1. Restricting to the stretch 272-291, name every residue that is at pLDDT 90 or above and farther than 16 Å from Ala176 by Cα.
2. How many residues, within the stretch 3-48, are open to solvent by 60 Å² or more (accessible area, probe 1.4 Å), within 23 Å of the chain's Cα centre (by Cα) and either within 23 Å of Ser148 (Cα to Cα) or modelled with pLDDT of 95 or more (or both)?
3. Taking the stretch 222-247 only, how many residues are of a type in the set (S, T, N, Q) and open to solvent by 10 Å² or more (accessible area, probe 1.4 Å)?
4. Return yes or no: is Gly287 touching an Asp or Glu at 6+ places or on another chain (Cβ under 7 Å), of a type in the set (Gly, Ala, Ser), more than 19 Å from Thr11 (Cα to Cα) and surrounded by fewer than 24 Cβ atoms within 10 Å (Cβ to Cβ)?
5. Restricted to the stretch 252-271, and to residues that are at pLDDT 95 or above and among the hydrophobic types (A, V, I, L, M, F, W, C), which residue is nearest to Ala31 (Cα to Cα)?
6. His214 - would you say it is in a strand (DSSP E or B) and without any contact (Cβ under 8 Å) to a residue 40 or more places away in the chain?
7. For a quick check of your reading of the model, give me the residue pairs whose first member lies in the stretch 239-256 and is more than 14 Å from Asp209 (Cα to Cα), whose second is open to solvent by 60 Å² or more (accessible area, probe 1.4 Å) and in a loop (DSSP other than H, G, I, E, B), with beta-carbon atoms closer than 6 Å and at least 6 apart or on different chains.
8. Out of the residues in the stretch 217-228 meeting the condition of being touching a His at 6+ places or on another chain (Cβ under 9 Å) and in contact (Cβ under 8 Å) with a residue 40 or more places away in the chain, tell me which one is farthest from Asn12 (Cα to Cα).
Amino acid sequence: METNILLESGTNELEVLEFMVGQQSFGINIAKVTEIMNYTPVIPVPDAPPEFEGVFTPRDTVISVIDLHKVLQKESNDVEHDLLVVCHFNQMDVGFHVTSVKGIQRISWEDIEKPPAISGDGATNIATGIAKLQDRIILILDFEKIVSDLNRTAVLDTTGLVSVSEDKAEKHIVIAEDSPFLNKLIMSTLEEAGYKNVAHFTNGKDAWDYVSGHRQLGGNIRDQIACVISDIEMPQMDGHRLTKLIKDDAFLKDIPVFLFSSLINDQMRKKGESVGADAQFSKPQIGSLIAYINDHI
């Protein structure tokens, strides 16, 4: 699915595919979406959880199908007219069974707020953002968490994870990752590797405020912050905008910025390079990311 915003750099905007599950609006970054299809019957997988409908193979590609109606506890009253939103992220092909698609909304990350920390609505508990439009809100779902809850092997791949040398254990690392689930996992994986001085934030703006606050300390910025690890999709400020701000700042520009995202593909890699990212890694390969950090800080 082609969209011009994928070619723009550092605009702090995204295009959201708005879709319905039952009577409620939800959204997914259009960069994850490869195709929208009419619902098609799938082949059930034995002993799978009820949210996992099964698999089908259009054009020889095996696609797993997750029923968002069951995930979100909504009703589907007319399955024959439902749709599949086919996505590619975290190096996986996944189809999400939805009720209908409303269209594409272009939204600034500044207009996306974090959902309430505690809520009785299961939807907000797996949402990473709330986008406010004039007449409604769209919940941006944490699709990585939805998938990983059904397939634990899709969380993070620690293959190649090695312990850091003692002289680097105190190096200060900054994380920007909006998913509380993945934020905690990245933190624990870094700690497992031996890093002891890690600051973590749930959006790019908070990370930027923290990093830019180090200007007043003077000296060599690399002695203060060894690197920044950033997701791309985040409320308030995305990872591309965060990277651009750091690299455009005369004092901060030498901080290595590593993008760690489910969206890394050829097109998004070019966008990351255009804003100055030092390296880019696709989730879930955190072992490769940490091995690279060990060698380059």
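1. Passing the criteria: Glu273, Ser274, Val275, Gly276.
2. Selection size over the stretch 3-48: 2.
3. Looking only at the stretch 222-247, we keep the residues that are of a type in the set (S, T, N, Q), and these are 224, 230, 236, 243.
Subset that is open to solvent by 10 Å² or more (accessible area, probe 1.4 Å): 224, 236.
Matching residues across the stretch 222-247 total 2.
4. yes
5. Initial filter on the stretch 252-271 (at pLDDT 95 or above): 252-259.
With the extra rule that they be among the hydrophobic types (A, V, I, L, M, F, W, C), the set shrinks to 252, 255, 257-259.
Details: Leu252: 29, Ile255: 27, Val257: 21, Phe258: 19, Leu259: 16 Å.
So the residue we want is Leu259.
6. It is false that His214 is in a strand (DSSP E or B) and without any contact (Cβ under 8 Å) to a residue 40 or more places away in the chain.
7. So the pair list comes out as Lys247/Lys253; Pro256/Asp278.
8. Among them, the one singled out is Gln224.
The values are calculated or read from the model by the stated rules, or taken from the named source; none is laboratory data. Because the structure is predicted, anything quoted here is derived from the model rather than measured. Cβ coordinates were reconstructed from backbone atoms using ideal geometry, including for glycine residues, and neighbour counts include every protein chain displayed. Ligands, DNA and RNA are excluded from the accessible area calculation, which covers all protein heavy atoms including side chains. Shrake-Rupley method; radii C 1.70, N 1.55, O 1.52, S 1.80 Å.
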